[in-house]
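A quick write-up on the structure given underneath.
The values are calculated or read from the model by the stated rules, or taken from the named source; none is laboratory data. None of these values were measured; they are calculated from a predicted model. Cβ sites come from the backbone with ideal geometry, for glycine too, and all protein chains shown count toward neighbours.
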């Protein structure tokens, strides 16, 4: 029988290996993708998956049930990824840097449709986002999390989550406009 | 609940993924009804969301699980090993405690002498057994605490002569005179041995020497 996320956590707290296996296969891809977006190297992301899952095995009993299991898990993933980034002494853009420097393309919806219809362009523009902005887009659209949940995971105020999303939106639109204008030539 | 245009614009991504609170959703829908610009922004966001590249699954999932499983099992083995270490440490402390306790009992025992069958002196003072005295060898089980051993030797009105040995054997000197066990007087050495063997925790009892 398929257990719910919370039932799995309870079983893991009871040190049931089968439950841990089910949990691992259910969530390892989510953890991996999220870690990969922060770390950018598959090897580091795999390492984070291992560390996060070990933490779940050891600390499932500390899960209070106030947030969803996915939020709790991604929160652990975020902490571990950030720790690893700090160890690697990588620097990222500040939250609000250059928000106003990015021109809002304000292009007509028809042009935008043309640019956005090319999935390759969207992927390319996503890759151009800073890690922090891409994280918010992915947690919103891939993991379908609310902004308060994202705020919990990233340990930033809800306002910062919204600002990062606004920044990401502007950057994506600007990027797509640029690619579209290049096509015109 | 009313929202400014900026607030509406900020909330659009979460309107799309369906995670806004009912109040926020309602306020945003009202704003969308009145703003063409907001509607266009929502359309652009929808297009973006729908064109986001597919997310890849973690290719190393099976291998990753096997690695974690191994760590989990080795962790459990490690814990179990640590538990054994704890038990061994406790056992070692008990042995030391028993030995220290026995040593103290020997120190506090009335001075006297014990003579082995060969006529050798084994008493702390090196002299011979008095009439009616005997020395017993008693082996206690590992589950016996120092308190249990002390209580049993007190019941015999005895004192430690030697031990415990590596095998847990203690030599106890006692007198048959005026010995009362389980409420009745005991005068025969065989009765003492029989009584000892009936005691829980006593694995072996024998006469070392008697007079």
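Which one is nearest to the chain's Cα centre (by Cα), of the residues in the range B:120-136 that are crowded, with 19+ Cβ neighbours inside 10 Å and modelled with pLDDT of 75 or more? Per the stated criteria, the residue is B:136.
In the set (1) surrounded by fewer than 13 Cβ atoms within 10 Å (Cβ to Cβ); (2) at pLDDT 90 or above, the condition left unmet by residue A:89 is number (2). For the range A:25-57, taking the residues that are within 13 Å of residue B:72 (Cα to Cα) and within 8 Å of another protein chain (Cβ to nearest Cβ), the one that is surrounded by the most Cβ atoms within 10 Å (Cβ to Cβ) is identified as A:53. Inspection of the range B:40-49 finds no residue satisfying the criterion of being out of contact with any helix residue (DSSP H, G or I) (no Cβ under 8 Å at 6 or more places or on another chain) and either assigned to a helix (DSSP H, G or I) or modelled with pLDDT of 85 or more (or both).
So which of B:76, B:69, B:55 ends up being more than 30 Å from residue A:124 (Cβ to Cβ), within 13 Å of chain A (Cβ to nearest Cβ) and modelled with pLDDT under 85?
Numbers: B:69 fails: modelled with pLDDT under 85; B:55 fails: more than 30 Å from residue A:124 (Cβ to Cβ).
Sole residue among the options that is more than 30 Å from residue A:124 (Cβ to Cβ), within 13 Å of chain A (Cβ to nearest Cβ) and modelled with pLDDT under 85: B:76.
For the range B:172-192, check the following and say yes or no: at least one residue is in a helix (DSSP H, G or I) and surrounded by 15 or more Cβ atoms within 10 Å (Cβ to Cβ). Yes; the residues of the range B:172-192 include at least one that is in a helix (DSSP H, G or I) and surrounded by 15 or more Cβ atoms within 10 Å (Cβ to Cβ). Taken over the range B:1-45, the criterion of being within 13 Å of another protein chain (Cβ to nearest Cβ), under 60 Å from the mean Cα position of the chain (by Cα) and surrounded by fewer than 17 Cβ atoms within 10 Å (Cβ to Cβ) is satisfied by B:7, B:18, B:21, B:22, B:25. Scanning the range A:138-162 for residues that are over 12 Å from the mean Cα position of the chain (by Cα), more than 8 Å from every other protein chain (Cβ to nearest Cβ) and buried (at least 16 other Cβ atoms within 10 Å of the Cβ) yields A:152, A:156, A:160.
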